[in-house]
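One structure is given here, and the rest of the page talks about it.
The values are calculated or read from the model by the stated rules, or taken from the named source; none is laboratory data. The shown structure was predicted, so the numbers you read here are calculated from the model rather than taken from an experiment. Every residue, glycine among them, receives a Cβ derived from its backbone with ideal geometry; neighbour counts consider all protein chains shown.
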């Protein structure tokens, strides 16, 4: 385990900023509980993943530089999103063609973390003093699971929550069908993936479906509402941030 | 490759509403996936094999010219002929010429994706020859005038009943015949084809530069029949199939077979090096290796896509892909379907399918995880998307992307856009009209609501 980073920034991510501000608040609460006071740099916007995945690497590279300008002074950057962090870590180094950016971006990418990954792997904490007396099931986002290989961190934090009963999905590794631009280019296929995921979640008998990415939340919530399924969907930090 | 689908969007949307198709696909990909997981987990050094294979492929591709020349030399020294073909037309012309020169009337084929890519059968039939596919799945494809929908399970989309009905029409089996009767009928039919065939055509799983050997991996024994009984053996293979040494098979065979069918070893592995030699009892009188480029050099020259040439066509990525599972192979409009097909199709055909195939993925990364060569398929899909976005059709998307990038680089503009977005949302909710892509979203699920106060307005400035 590395030294505790002195200066930590919260990267809200654009979707959380716009749709799930309570997730950003819960992230700050969770970090506070493990003894980390995170700054929220005012200039932050978006990591650029939607642009990159829609085929606009040049525009995404401009946002990578903006990300660098915003977060470079920090020892660690923490975001409540495996997907955005995977973009920073996997794709930023490819986007920065010029040598003067490359080293700085690579270095920042290495100290950018998804929140559960940060708590478990950097701080070495597995219990965050939360109590949540409910039966929940857990959908790890693909980018947390296979991109960052940190889904286990999120699951361990959930297991550390007092009175929480975790019922695993039959197919936790299956994509929920969001995929950004994919969800609107091929809504039929996206829906087919979504409906299987929701059926899997329902079969667990859980009261709550916990996930780790705003993209998955939008997709899962949208599906639950469309089919009037009595299951609530929350972000991991909303559970971990419980008193 | 001739385009056959009305684009991935329509074809996949239709497939999603075909529960029988999904069931047929899952039955095969599910069991292949389970067996793959079992037999790869039992090899403690499987990941080391993957790394080794990756290094060999990288090395081979870096020195492709040298290894291809070594291969040619080795094949020639064993009495075989080597033909270099720039594109599909040349390759097809070459095979047809070889068949004509030996007066072939009947040609027996074993399973080969590259000949599907070249649509070789059509040309041979047009040249007046009878062509018989001898792999059971490909035989069914041929009888039904269909196209393969999976790299190694070409009729994954068909049910047993479909085959029974087909065979009852063509081979005279009872319409409700059980599988054993069907396979026995195919076997009897194909056996006659082996005996009648003048030329046997195969693909190649690997070409060994050191020895000039064609390596064929199969389970039915038909490839062995096709390469031993007829007078002439023609192997058709893409340039990327070459590996340096015979010893490299110790790495690639377990990777391929375990990833593909979940077997420890396939029932047959044939290493064929040139035609029959003087004191040998069987084998063809003549051997031809047709080396096909058909877009491979272009792919090789492309730094973003060269990695696609490492693919050994095991199909593991198809079997784990959630999109392939719902869309089926035909939706890709190419003989190469699934995640690797979405890369290889536009790469080889110089952009065909470019506007939809690279987007036919949620980028969930399951393909990259399972690939024995660790091919970074999501990275290549994203690279191809960048080319699609340069197409004339994407003019408006380009403008929007530039505008979005500008706004997102200017925090003040972002805050203004955020406020405007809330006004716009209110207007849209009242009007009940939705612009794309919101309409596409709402087609499948409810729209998310913007929070009344975004987070950046909740924290101190």
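Residues in the stretch A:200-243 that are without any contact (Cβ under 8 Å) to a residue 40 or more places away in the chain and touching a strand residue (DSSP E or B) at 6+ places or on another chain (Cβ under 7 Å): how many?
6
Given the conditions (1) over 23 Å from residue B:449 (Cα atoms); (2) within 11 Å of another protein chain (Cβ to nearest Cβ); (3) surrounded by 20 or more Cβ atoms within 10 Å (Cβ to Cβ), report the number of the one that residue A:77 does not fulfil.
Every listed condition holds for residue A:77 apart from (2).
Looking at the stretch B:426-461, which of its residues are surrounded by 15 or more Cβ atoms within 10 Å (Cβ to Cβ), within 21 Å of residue A:23 (Cβ to Cβ) and within 44 Å of the chain's Cα centre (by Cα)?
Result: B:441, B:445, B:446, B:447, B:448, B:450.
How many residues, within the stretch B:431-446, are more than 7 Å from every other protein chain (Cβ to nearest Cβ) and either under 22 Å from residue A:189 (Cβ atoms) or in a loop (DSSP other than H, G, I, E, B) (or both)? Break it down stepwise before answering.
Going through the stretch B:431-446, the residues more than 7 Å from every other protein chain (Cβ to nearest Cβ) turn out to be B:431-436, B:438-439, B:442.
Of the ones still in play, those that are also either under 22 Å from residue A:189 (Cβ atoms) or in a loop (DSSP other than H, G, I, E, B) (or both) are B:432-436, B:438-439, B:442.
Selection size over the stretch B:431-446: 8.
In this structure, does residue A:3 turn out to be over 17 Å from residue A:120 (Cβ atoms) and either surrounded by fewer than 20 Cβ atoms within 10 Å (Cβ to Cβ) or out of contact with any strand residue (DSSP E or B) (no Cβ under 9 Å at 6 or more places or on another chain) (or both)? If you could, list the steps in order and put the result at the bottom.
Numbers: over 17 Å from residue A:120 (Cβ atoms): no; either surrounded by fewer than 20 Cβ atoms within 10 Å (Cβ to Cβ) or out of contact with any strand residue (DSSP E or B) (no Cβ under 9 Å at 6 or more places or on another chain) (or both): yes.
It is false that residue A:3 is over 17 Å from residue A:120 (Cβ atoms) and either surrounded by fewer than 20 Cβ atoms within 10 Å (Cβ to Cβ) or out of contact with any strand residue (DSSP E or B) (no Cβ under 9 Å at 6 or more places or on another chain) (or both).
Yes/no matrix, rows are residues, columns are (1) closer than 23 Å to residue B:306 by Cβ; (2) surrounded by fewer than 16 Cβ atoms within 10 Å (Cβ to Cβ); (3) in the same structural domain as residue B:204 (by TED's automatic domain parsing):
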{"position": "B:38", "(1), (2), (3)": "no, yes, no"}
{"position": "B:70", "(1), (2), (3)": "yes, no, yes"}
{"position": "B:77", "(1), (2), (3)": "no, yes, yes"}
{"position": "B:80", "(1), (2), (3)": "no, no, yes"}
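Which of the residues that make up the stretch A:116-128 are in contact (Cβ under 8 Å) with a residue 40 or more places away in the chain and not in a helix (DSSP H, G or I)?
A:123, A:124, A:125, A:128
Does the stretch A:8-20 include one or more residues that are facing chain B (nearest Cβ under 8 Å) and either over 19 Å from the mean Cα position of the chain (by Cα) or at pLDDT below 95 (or both)?
Here is the first cut: in the stretch A:8-20, the ones facing chain B (nearest Cβ under 8 Å) are A:12, A:14, A:16-20.
Pick out the ones that are also either over 19 Å from the mean Cα position of the chain (by Cα) or at pLDDT below 95 (or both) and you get none.
No, because not a single residue in the stretch A:8-20 is facing chain B (nearest Cβ under 8 Å) and either over 19 Å from the mean Cα position of the chain (by Cα) or at pLDDT below 95 (or both).
Restricted to the stretch B:213-268, and to residues that are assigned to a loop (DSSP other than H, G, I, E, B) and touching a strand residue (DSSP E or B) at 6+ places or on another chain (Cβ under 6 Å), which residue is nearest to residue B:85 (Cα to Cα)?
Looking only at the stretch B:213-268, we keep the residues that are assigned to a loop (DSSP other than H, G, I, E, B), and these are B:219-221, B:229-231, B:244-245, B:261-267.
Next, from what is left, pick out any that are touching a strand residue (DSSP E or B) at 6+ places or on another chain (Cβ under 6 Å): B:221, B:230, B:266.
Numbers: B:221: 28, B:230: 24, B:266: 30 Å.
Out of the qualifying residues, it is B:230.
Mind telling me which of the residues B:99, B:85 ends up being farther than 22 Å from residue B:229 by Cα, touching a residue at least 24 places away in the same chain (Cβ under 8 Å) and surrounded by 19 or more Cβ atoms within 10 Å (Cβ to Cβ)?
Numbers: B:99 fails: farther than 22 Å from residue B:229 by Cα.
Going through B:99, B:85 in turn, just one is farther than 22 Å from residue B:229 by Cα, touching a residue at least 24 places away in the same chain (Cβ under 8 Å) and surrounded by 19 or more Cβ atoms within 10 Å (Cβ to Cβ): B:85.
Looking at the stretch A:177-199, I want the residues that are farther than 9 Å from residue A:219 by Cβ and at the interface with chain B (Cβ under 7 Å from one of its Cβ atoms) and have a partner that is at pLDDT below 95 and outside any helix (DSSP H, G or I) with Cβ atoms under 6 Å, at least 6 apart or on another chain. Which pairs are those?
Pairs that qualify, where the first residue is farther than 9 Å from residue A:219 by Cβ and at the interface with chain B (Cβ under 7 Å from one of its Cβ atoms) and the partner is at pLDDT below 95 and outside any helix (DSSP H, G or I), are A:184/B:437.
Tell me the residue from A:210, A:239 that is away from chain B (no Cβ under 11 Å) and assigned to a strand (DSSP E or B), please.
Testing whether each residue is away from chain B (no Cβ under 11 Å) and assigned to a strand (DSSP E or B) leaves just A:210.
With the requirement that a residue be in a helix (DSSP H, G or I) and within 14 Å of chain B (Cβ to nearest Cβ), what does the stretch A:129-166 give you?
Applying the first criterion (in a helix (DSSP H, G or I)) to the stretch A:129-166 yields A:142-147, A:151-159.
A:142, A:143, A:144, A:145, A:146, A:147, A:151, listed by residue number.
Find the helices (runs of 4 or more DSSP H) located wholly in the stretch B:45-158 whose residues include 1 or more that are under 25 Å from residue B:334 (Cβ atoms) and over 18 Å from the mean Cα position of the chain (by Cα), and list them.
B:46-62, B:64-77, B:88-101, B:120-126, B:136-143
Would you confirm, using the coordinates I've provided, whether residue B:397 is assigned to a helix (DSSP H, G or I), under 33 Å from the mean Cα position of the chain (by Cα) and facing chain A (nearest Cβ under 10 Å)?
Yes; evaluated as a whole, the condition is true for this residue.
Please go through (1) closer than 16 Å to residue A:143 by Cα; (2) more than 11 Å from chain B (Cβ to nearest Cβ) for residue A:218 and return the number of the only condition it doesn't satisfy.
It is condition (2) that residue A:218 fails.
Can you tell me which residues in the stretch A:21-57 are surrounded by fewer than 24 Cβ atoms within 10 Å (Cβ to Cβ), within 8 Å of chain B (Cβ to nearest Cβ) and either free of Cβ contacts under 8 Å to residues at least 60 places away in the same chain or in contact with a strand residue (DSSP E or B) (Cβ under 7 Å, 6 or more places away or on another chain) (or both)?
A:21, A:40, A:42, A:43, A:57
Looking at (1) touching a strand residue (DSSP E or B) at 6+ places or on another chain (Cβ under 6 Å); (2) surrounded by fewer than 22 Cβ atoms within 10 Å (Cβ to Cβ); (3) within 30 Å of residue B:388 (Cβ to Cβ), can you tell me which one residue A:135 breaks?
(3)
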